[in-house]
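All remarks here apply to the structure that follows.
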Amino acid sequence: MQLVLEKRTERSNTIALVSPLIAIGLTIVTMTILFAILGKNPLLALHAYFIAPLTDGYSLQEIAVKATPLVMIAIGLALCYLANAWNIGAEGQFLIGAVAGSWIAVKTQGTDAGAWVLPAMLVLAAAAGALYALIPAICKVKFGASEILTSLMLVYVADLLLDYLVRGPWRDPNGFNFPTTAEFDPVATVPLLIEGGRLHLGSIIALLVVAAAAILLGRTIKGFEIRVVGAAPRAARFGGFNANQLVILTFAVSGALAGLAGIIEVAGPVGHLQPGISPGYGFTAIIVAFLGRLNPLGILIAGLFLALTFIGGEQAQIAMKIPLDVTKVFQGILLFYVLACDSLILYRFKLVLANRQVTRGAG
Amino acid sequence: MELVEAIILSVLAASTPLLIAATGELVTERSGVLNLGVEGMMIVGAACGFGGAWLTGSIFIGALSGIIAGTLMSLIFALMALGLAVNQVATGLALTILGIGLSGLIGAGFVGERLTPAAQLHIPGLTDVPLIGRVLFGQDAFVYFSIALIIGVWWFLYRTRAGLILRACGDNHVSAHALGYPVLRIRTLAVMFGGACAGLAGAYLPLAYTPFFIPGMTAGRGWIALALVVFASWRPGRLVIGAYLFGAVTILQLHAQGWGVGIPSQFMSALPYLATVVVLVLLSRARTGGSTAPAALGTAFVPDR
């Protein structure tokens, strides 16, 4: 007796809709077991993770703040992945964006520079992120080097560059030797939406990005090309679509979005440039992109959900001394289940008994 | 003279984990499977390896724990990528994310603890020969094992029938299946071998390289191992050269920092990563007229029944 995979004659739309929910359900079951192994009350832990952050206004704002970079990066990654271009280095593009934008903030510090500072920072960050993402894209298109490896290697380079800058030339002279720049001037800071709150303009930008991506993918020829090149490369060649050009384009767009997310994070919630500005947003965004089925609206929902796990993880650490690494484990397991459930859209399980075959539909 | 010896010794030490992990991945990829989770399997191997050695006081048990941990991690990958035909790139990434989290959980209790590192060979007379004595006869077991491992893999791939079948699966899984070979079973074994090697390579770090565990101590070595397989054009012989070359770059930048070269340390630390990018570009460019990669690399196989 054996369980084997069998290709479905057509993709299952039911499973396509419910698969993220099944994945989240399975993840929660797995986490319950993990909490029990760690000797924590699973019900209390799940409450701290998923319910508590939803019950007060401050945490709700914080979820939106955390979801902002995740959604922006994931939208860009989704474009890449749809076109079958594997940008894994969003974390590096995020950091380079943060560095490039901070350059203006640092150079104008204490001067009477006007309202142009923040827009200039945003533009420069997006441009820098795009250029940084173009390195692996060009290496891939021109030389055939694996974009997976090159984009990832550049994450470490970006991290070291940031580290050098805040420990060296950009260090705050009044910062007690901490590796950080001085707090940005108000003109170099992303404005808050609610006075005294946490929500900032970046969340609005993220929503605009989602809308723009939805229009691009659903309503334009370019979006159609991206989807065809990824899903049916042969058909795309016959259609005269230039796959290389799309690799360059999607990498540049995703780099720009990651860079923009980087400067918004630094000039927004953080307020200065320092190492460790990202708890792995660039990598978590990969999960967001897949959990959201590479669909802009789905990514918005998935981004909010993963932001919830970040906030819930922090609260669970404070309230129940659950290690922060549990959040990463949670995210990894979630991605596994999402991918596994997605497999059931195209395949179904079949139970093979010695000679007779019994088909068992999987949901 | 002593400086040269010291440099060669540290290059050997820095190259060994790269060589072990890359050897495992080479076998995995020759069977047609691209497992990008090397970094994740390595870091879990490091945490479990340290844990095993610290609890039992035995380096051997530590290495074994690393191997078992890496193999278990690779089984998750095999279940997903082979059992469920999930996209291998995405699955490998998931494995790395999971591994980083898991290693933090497992290693949390060991942070700050120290181990006696793995003993080094000492043959009176031979080991004391200047310059080459310690290089050849004064290493820990991991270093000798890594050399034996790559020779064994070369022999297996090119001199045995099983190796030929494994390569056949990597080049054309449909034909291999038509000839009656159990493609998925062979690939599962290859993935497990890759996991065992990655786990051992990870365990080497806290057991021999630095005698303590720090979260994230693999620092991208798993990814460099992946790049090395490309660098080696999927051939064991070139893998050895590549691993020692990369070890040398890592060590040279450390020494350059020590000599007080007027370059900020961060730029020197970035060298191995930049070197990887440059090498990937140069090699991919040099490879005109068809790639040497296993033809079926990274493609899912669902047998028709």
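None of the figures in this text is laboratory data; all of them are computed from the coordinates on show. Quick caveat: nothing in here was measured; it's all calculated off a predicted structure. Here Cβ is always computed from backbone atoms with ideal geometry, including for glycine, and neighbour counts include all displayed protein chains.
Numbers below:
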| read-out | value |
| --- | --- |
| Label-to-label distance, nm, for residues given as B:Leu75 and B:Thr299 (7 Å Cα→Cβ offset) | 3.0 |
| Net charge, B:Leu121 excluded, C-beta distance under 14 Å - Lys, Arg +1, Asp, Glu -1 | -1 |
| Filtered chymotrypsin sites (Phe, Trp or Tyr not before Pro), the range B:178-236: DSSP coil and at most 15 other beta carbons within 10 Å | none |
| Most mobile listed residue (A:Ile286, A:Ile63, A:Ile204) in chain A, GNM with C-alpha springs under 10 Å | A:Ile204 |
| Extension gain (nm, one decimal) between A:Leu38 and A:Ala16, 0.36 nm per residue minus Cα-Cα | 4.5 nm |
| Calculated Rg and Dmax of the protein assembly as shown using C-alpha coordinates, Å | 25.0, 83 |
| Ordering of A:289-296, B:270-277, B:137-144 by packing [mean C-beta count within 10 Å, highest first] | A:289-296, B:270-277, B:137-144 |
| Residue of A:Glu183, A:Glu147, A:Glu195 that the Gaussian network model of chain A assigns the largest fluctuation, springs spanning Cα pairs under 10 Å | A:Glu195 |
| Extreme residue, positive dipole direction of the range A:117-241, given options A:Phe238, A:Ile226, A:Gly202 (C-beta unit charges) | A:Phe238 |
| For the protein assembly as shown, calculated [θ]222 nm from helices alone, where every DSSP H run of n ≥ 4 adds -39500 (n - 2.57) | -22500 deg cm²/dmol |
| Calculated P(r) tail over 36 Å for the range B:2-286, as whole % of Cα pairs | 14 |
| Given charges at Cβ of Lys, Arg, Asp, Glu: the range B:80-186 dipole, positive-most of B:Ile123, B:Ala168, B:Phe137 | B:Ala168 |
| Among B:Trp259, B:Ala47, B:Ala22 the positive-end extreme of the charge dipole of the range B:2-286 (Cβ point charges) | B:Ala22 |
| Average beta carbon contacts from partner chains per residue of B:75-85, 10 Å cutoff | 3 |
| Per-residue mean of C-beta atoms belonging to partner chains within 10 Å, peptide A:337-344 | 5 |
| Candidates A:Ile226, A:Ile263, A:Ile73: whichever shows maximal mean-square fluctuation once chain A is modelled as a Gaussian network with Cα springs under 10 Å | A:Ile226 |
| Radius 14 Å from Cβ of B:Val38, net charge of other residues (Lys, Arg +1; Asp, Glu -1) | -2 |
| Net +/- balance of residues flanking B:Thr71 in space, Cβ distance below 15 Å, scoring K and R +1, D and E -1 | 0 |
| Using alpha-carbon coordinates, inclination of helix A:13-37 to the longest axis of chain A, degrees | 70 |
| Sorted peptide list for B:165-173, B:62-70, A:23-31, criterion being average Cβ within 10 angstrom, highest first | B:62-70, B:165-173, A:23-31 |
| Residue-averaged beta-carbon neighbours from other chains (10 angstrom radius) around A:158-165 | 4 |
| Neighbour cut-off at most 10 other Cβ (10 Å), DSSP loop, chymotrypsin sites (Phe, Trp or Tyr not before Pro), the range A:20-96 | none |
| Where only alpha carbons of the range A:68-276 are counted, the Rg and the Dmax (Å) | 18.2, 63 |
